Structure formats: structure tokens, C-alpha cells
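Note sheet for the following structure.
The values are calculated or read from the model by the stated rules, or taken from the named source; none is laboratory data. Here the structure is a predicted model, which is why all the values come from computation and not from measurement. We place every Cβ from the backbone using ideal geometry, glycine too, and count neighbours over all the protein chains shown.
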Amino acid sequence: MRRGFLKNAKQKHSKEGVTTFDGSRSEAISKEPKPLFAESPAGLVSTYQNDVGYKLLPHDAVDYGDDLIFTSLPISPFLTEKLAESPDGWTECLITGSRKREIFATPGFSKRPVYPPETRHAIRPSKFGLGVFATQDLSIGDLILTERPLLIAPAGMRMPGELGYLEGLSEEDQTRICREAWEKNFLKPLFDRFEPETQAEYMALANSHAQDNDGGGPILGILRTNGIEVSAIADPWDKGQYTAVCRKISRINHSCSPSAETSFDLVSFSYQLRAIRNIKAGEEIFISYCDGLSPAADRKKFLAPYQITCTCTSCSLDEAASDERRRGILNSVTGKEQSISHHFDSWFADRSLPDDYMIANSLRWISMIEEEGLQVSFAYMHHLQAMVRSYTALGDVKNAVKYGKILGLWHLSHDGKDDMLRELEDPAYHQRNLEWNSRHS
């Protein structure tokens, strides 16, 4: 999982409605942009003050275009209930109307989230501030926690044409003014839709941009620090991604050798956190904010704005050796002559190669991946696939199922769906494969 806020994104502005700037930031913007539509927030229907002149629409409205709107999702069946009274809660959203229409059209929306059978985590002090810890032993695929996010908003500032191009100002001043307008007219009204208790929870989250003096206020700073990618929601244009902030998942600290992964389920409008490897009771749970297969220097550069110094084994001991191993892991699935597909082609074409040729190759890389703590990586998935495919070609259903189960649990941890796990645990699934026992035929 990556942090889901687009940093330093350059905005495109038209020149409509622009006042003349002489280079001074004190000049006023002639017409600050703001959303046009809002729906009364769930839980505050009777007290919501529409002070900023939005056009209020009913909660089930979907007749929107691509304008940004304020809406509570999923819709609570009792719009006057408080968040504490709702078993699953809801999310305050700043999304385009077309995305709301798409979400509402999703089959099964909005079913109840799936929760762990018992509490499996605790938030308590960590050497990184606060952290999330396992309260029992966990294995790959185990569900640790489920929650609906506090808010979902665009991952980058979207400034309509009325803001203008801010002629005569430096790029730094343009960015500062855009951030001020984004906080004032978009994020602050979104924040005001929270109940007071939720506002306090949000403001208690870390803000690594508090001292930046770059125009962003506390709401934007917390969003930039804690935003999580929402892969299931995106507008169909460049930089159309969205980001989310959660009560608990946003408190999980980073490691370049993570132990867990998140996934967003659109149907239940909730995040799941699942173990990607074995976790001992009392162990702090980590996710990765960046690409773990990139060089250590690149990872440090990416993490710098979050004021994070990773202390995992790979970052704190021999970085050069770790970089070499991680580069080898990457090449084992993407390189031309070293890749899995190349080895498979050779194995199928040359029957003089031993039966365990592919198995030995992938087991070597799986061992290295586990030593580096990179079970979250796509390379781990590809080598598990290679193991399943090899045992299928050898007609070994026992081991095909063994590694198929691990592969299915990997997918469960990444997307929250168990359909592949159910297939790969079934011996008949492998025996129906066209490559079944092909190595001996």
C-alpha cells in the first residue's frame, strides 16, 4: 500500500476571473473556487448550517455531473443518528457527482463490512509515537481490523478555472495560495461535517507538515501525512485519484519490510487490514508507504516529507547488500534472461532439465524475499505462482494445493477477496488445468 496523497502536483488553471497580481501575496483572488453542491451530513441533519451557499440536495441524489460534491457514504438509514449509534459508521466524502453515481450503481452497495471474529489489535505507544500492535498470533491472510474511513477526498488539489493562473507570482506562491484556497473552501467544509468527537480524532493524527509554512492548514497537513490510496475510486482523467484518512489504519507506522497490507472494498465502503506474513502477539504491525523493491536511497527520498526514518533491518544495517538482493528479486520476475517466464520456457522445451528445476529456482527467491521481509511484493506472488504451476505440470496435487493456498492467502491480503483462495485449495482445480502432468506426458 502506498500513501495516497499526490504531492507537489502542478495545477492547470485557465485565465478566467483573474485579478492583476504585482507579485505580492496580499493581493486578493477575485473569485475563489468552491464546490456547488452539498448534502446534509449524516448525524448532523438537524443542525447542519449551510453558511457557504451550497445547493443542498437529498442524500439519494445521483443526478450530478463532474462537479465536486459533499456527501456522506454509505447513507445511514437513520439520518439523525450519531456516529456512535451506528454499528458501521459512514464516511464524509468530497467526490465528483459522477463517482457517487458509479458507487451507487455498484452491485451489492452498501453491504455491511466484514469484521474479525475478535479484537486482534491495540493502539498504544511505539518508538514512532503511537502504533498498532497485534494482540494475538496472526498468519498470512488473517483479518486484523476493518473500518470505514473518516473522509475521502481528491488526492491532489483540484482548482477550477475561476482561481485563474495567478499571473506574476512564483510557482511557490501559486502553490501556497492554491493550498490556502483548497483548505478554506474544500477541506474545511468537509471537516465541518464531522461530529465534534470525530473532529477531535482527526486533529489528533500526525501532521508532518505543521511547520512547512507552505500555505497548507492543519486539515490539509493531516490529509497529506495520513492519506491512504483509494484504488477503487478514481475519476477518468490525469490525477483523478482519491485519498482517505482512517481512525486506526492511518496510525499504522511504516516499514520497508511490512507485516500487513490494506485493501478497500467498494461494496462495503470499508478498508481491511490483513497480515501478509506471520505476526507474533505483542509485535507492532507495519505497512509500507512506498515501493519496497526500489533502492534504499529512493525510499528515503520518498519518506522524507513524512519525517520518517525507516529502522527495518534492510535500512538500518547493510543497505548496499539489501539493495543488491532487492534488485535481484525484482529482476527475477522482470528481467529478460533471469525472469520466471524465461526459466519456464526453458524447462518446458528442454526435458533434460531436472524436474525440480523451476521449483529450486523459485524456492531460492522465495527464501530471499522472506529474509528481506518482502512478502507484500508482487515478486513473492509471481514465485508462488511458479511453484503452483511447476507442481501442476509435475502432477503433484498435494504440493500444488500447498502453495496454492499460500498464493490464495496472498491475494486475500491484497484485495480482501477469497474467491482465488477457494479455487487454489481445491485439488480438482489443479487437475483440470491444461498443464496438469504435462511434464510427464
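If you go through segment 270-277 one residue at a time, do you hit one that is of a type outside the set (Val, Ile, Thr), assigned to a loop (DSSP other than H, G, I, E, B) and touching an Asp or Glu at 6+ places or on another chain (Cβ under 9 Å)? The answer is yes; a qualifying residue exists.
Residues are listed down the side, and each one gets a yes or a no for (1) of a type outside the set (S, T, N, Q); (2) touching a residue at least 60 places away in the same chain (Cβ under 8 Å); (3) within 18 Å of Glu261 (Cβ to Cβ):
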site	(1), (2), (3)
Leu353	yes, no, no
Ser367	no, no, no
Ala386	yes, no, no
Asp419	yes, no, yes
Pro427	yes, no, no
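Close Cβ contacts (under 6 Å, 6 or more residues apart or on different chains) running from residues in segment 279-299 that are assigned by TED's automatic domain parsing to the domain that holds Ile329 and over 14 Å from Leu130 (Cα atoms) to residues that are in a loop (DSSP other than H, G, I, E, B) and of a type outside the set (D, E, K, R) are absent.
Taking the numbered list (1) at pLDDT 95 or above; (2) buried (at least 20 other Cβ atoms within 10 Å of the Cβ); (3) under 18 Å from the mean Cα position of the chain (by Cα) in turn, Gly292 passes all entries but (1). Of all residues in segment 126-163, those satisfying the criterion of being at pLDDT 95 or above, assigned to a strand (DSSP E or B) and over 20 Å from the mean Cα position of the chain (by Cα) are Ala134, Leu138.
If the condition is being surrounded by fewer than 19 Cβ atoms within 10 Å (Cβ to Cβ), aliphatic (A, V, I, L, M) and part of a helix (DSSP H, G or I), then segment 405-441 contributes Met420, Ala428.
Among residues that are surrounded by 13 or more Cβ atoms within 10 Å (Cβ to Cβ), touching a residue at least 24 places away in the same chain (Cβ under 8 Å) and more than 26 Å from Leu138 (Cα to Cα), Ser322 is included. The condition of being at pLDDT below 90 and assigned by TED's automatic domain parsing to the domain that holds Ser98 holds for only one of Asp235, Asp192, Asp214, that being Asp214.
Looking only at segment 229-237, decide whether some residue is out of contact with any strand residue (DSSP E or B) (no Cβ under 7 Å at 6 or more places or on another chain) and either under 18 Å from Leu94 (Cβ atoms) or among the polar types (S, T, N, Q) (or both).
Yes, some residue in segment 229-237 is out of contact with any strand residue (DSSP E or B) (no Cβ under 7 Å at 6 or more places or on another chain) and either under 18 Å from Leu94 (Cβ atoms) or among the polar types (S, T, N, Q) (or both).
Residue count for segment 270-285, restricted to those that are touching a strand residue (DSSP E or B) at 6+ places or on another chain (Cβ under 6 Å) and buried (at least 17 other Cβ atoms within 10 Å of the Cβ): 10.
Meeting the requirement of 1 or more residues that are closer than 14 Å to Pro154 by Cβ, the helices (runs of 4 or more DSSP H) wholly within segment 182-238 are 188-192, 218-226.
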